[in-house]
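What follows is one structure encoded as structure tokens, with my remarks underneath.
All of the numbers you see were taken from the coordinates with simple rules; none came from a lab. Just so we're clear, the structure is a prediction, and the values are computed from it rather than from any experiment. Quick reminder, even Gly has a Cβ in these numbers, built from the backbone with ideal geometry, and neighbours come from all protein chains shown.
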Amino acid sequence: MRGKLNFYLSAVDDIVKAEEDNPTIGILLCKEKNKVKAEYALKDINKPIGISEYELIKAIPEDLKSNLPTVEEIEREMEEKLK
């Protein structure tokens, strides 16, 4: 969990972010609240990361789903830019 989020933050900062942009902020969404897991997952991370509990049915409104890329699309685009 932590490693993947840190990987994506670093990749966005390195590949996408412009020099004048602020550092990328990671948001870790969790199905349930567990303070101990959250603390250990984020321990020693030096990048700005927020953590929040969520309910899947409220995560993405239907009218916005078509406007957002899928995880697969994001991963594919990042792989292409890293080549």
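Values as computed for the structure displayed
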quantity	calculated
Pairwise label distance in nanometres, I25 with Y8, each label 7 Å out on the Cα-Cβ vector	1.6 nm
Label-to-label distance, nm, for residues given as K35 and R76 (7 Å Cα→Cβ offset)	4.3 nm
Candidate aspartates and glutamates for bridging to K33, where Cα separation is under 13 Å - those fewer than 8 sequence places away on the same chain excluded	E53, E55
